[in-house]
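Data block below; observations after.
Read the figures in this text as sums done on the coordinates, not as results from a lab. No experiment lies behind these values; they were computed from the predicted model shown. Every residue, glycine among them, receives a Cβ derived from its backbone with ideal geometry; neighbour counts consider all protein chains shown.
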Amino acid sequence: MSIFTELASLRDGRARSRSRRMTVQQKRDARAAYVFLLPWMVGFVLITLIPVVSSFYISFTKYNLFQAPRWVGGSNYLALFQDPRLLHSLGVTFTYVLVGVPLCMIAALAVALLLDRGIRGLGFYRSMFYLPSLLGSSVAVAILWTQMFGQDGLLNKFLALFGIQGPGWISDPDTALGTLILLAVWGFGAPMVIFLAALRQVPVMYYEAASMDGAGAVRRFRSITLPMISPIIFFNLVLSIIGSFQAFTQAYIVSGGTGAPSDSTLFFSLYLYQQGFTNFNMGYASAMAWLLVAIIGAFTAVAFYTSRFWVFYDD
């Protein structure tokens, strides 16, 4: 028994030694991982975390960038709902989101369905449709948009060929916001590519079985395609909502930073910029920023809550 006991003790000692060696190796790997993560962690703290915490504190102060912040409590937040121009900017932004996001999603899905039919030159068309999404929020495209929809823009010159005198689309309060919504829809390339990838993952056998049962194209789309790609629809929807609430460059360039004409393009983000960097009312602007965070969070929460009724997963 003593021999077996000694052998067992020796085996346990070797196992503990291997365990200690693995622990040391794991510690070395962990240290190496932290070293590689350190630049990102420093950037996150300096560029994201500290500004976020600072803006939350500043939202409770009166601060104009030139004097020390003065604590005013929740007066900035109370003033938000007493500012008629802010409430108007919320209305403009909600219109932009509630109209532009569905139209963009419909255009992206429609083009993805067209490209999924296996047309020749798929790579070329996919790249051409995706290109506007890379440029859609750039200053250059916003300037181009003003050249297209101005009083003497390309659209009116085209209409003049048929004897039609077009309005100044971006200078008319009734149509200015519509041109920005059209610009948002024009940049449907990113969700289109994601939709196209999702459509390629739908098993063909489902369509074959439905066709054998006599289901038409509309029925196959409604009963097979939409449920199968519903997680991707949800993904694109959430990203589009968040991005639309943050839209700024288009309205700034088209209106010259004023929200003109008649505040019809005064997005919430543009009004926030005016308060913070034109009026130097940083405390009020910070409160506006946190209100925007709350609004985006509310819309995202509603999207996640309602997803249980229309998003279907494999399990």
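Tell me, Kirkwood radius of the chain from alpha-carbon pair distances, in Å? Walk me through the numbers on the way to the answer.
Details: mean 1/r = 0.0413 Å⁻¹.
Evaluated on the chain, it is 24.2 Å.
What FRET efficiency do you get for ILE119 and LEU98 if R0 is 51 Å and r is their Cβ-Cβ distance, rounded to the nearest 0.05? Could the numbers behind the result be given before it?
Numbers: r = 33 Å, r/R0 = 0.64.
Efficiency at R0 = 51 Å is approximately 0.95.
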Relative contact order for the range 171-273 using alpha-carbon pairs under 8 Å, separation at least 6, rounded to a whole percent? 36
Within a Gaussian network of the chain (alpha carbon springs, distance under 10 Å), most fluctuating of ILE143, ILE181, ILE170: ILE143
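Sequence gap at least 6, Cα distance under 8 Å: using those rules, report the relative contact order of the chain to the nearest whole percent. Mind dumping the intermediate values first?
Numbers: 312 pairs, mean separation 78.6, N = 315.
RCO, the chain: 25 percent.
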Suppose each label sits 7 Å from its Cα in the direction of the beta carbon; what would the LEU144-SER75 distance come out to in nanometres? 4.8
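What helices does the chain have that are whole DSSP H segments, at least 27 Å long along their own axis by Cα, and with mean Kyte-Doolittle hydropathy of 0.5 or more?
On the way: long enough: 2-43 (61 Å, -0.38); 84-115 (46 Å, 1.84); 226-245 (28 Å, 1.94); 282-310 (41 Å, 1.28).
Span-like helices here: 84-115, 226-245, 282-310.
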Can you give the charge dipole size of the chain about its Cα centre, rounded to the nearest 20 debye, using +1 on the beta carbon of Lys and Arg and -1 on the beta carbon of Asp and Glu? 1400
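Give me the orientation-averaged projected area of the Cα convex hull of the range 57-191, in nm², one decimal.
Over every viewing direction, the Cα hull of the range 57-191 projects on average to 12.9 nm².
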With springs connecting C-alpha atoms under 10 Å apart, model the chain as a Gaussian network and identify which of VAL185, VAL52, VAL193 has the largest mean-square fluctuation. VAL52
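Compute the relative contact order of the range 80-233 as a whole-number percentage, counting only Cα pairs closer than 8 Å that sit 6 or more residues apart in sequence.
Details: 125 pairs, mean separation 45.3, N = 154.
Once divided by the residue count of the range 80-233, the mean separation gives 29 percent.
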For LYS62, enumerate residues with amide H under 5 Å from its amide H, sequence gap 5+ or separate chain, H modeled in the peptide plane. ARG70, TRP71, VAL72
Sparse-neighbourhood loop hits (trypsin sites (Lys or Arg not before Pro), the range 96-201; DSSP loop; Cβ within 10 Å at most 10 others) -> ARG117, ARG120
With labels modelled as points extended 7 Å from the Cα through the Cβ direction, what inter-label distance (nm, one decimal) is found for LEU135 paired with ALA217? 3.2
With 5 Å bins from 0: P(r) over the range 152-260, alpha-carbon pairs, percent: 2, 10, 14, 14, 12, 10, 10, 10, 9, 6, 3, 0
Expected max-MSF residue from TYR271, TYR284, TYR206 in the GNM of the chain (alpha carbon, under 10 Å) is TYR206
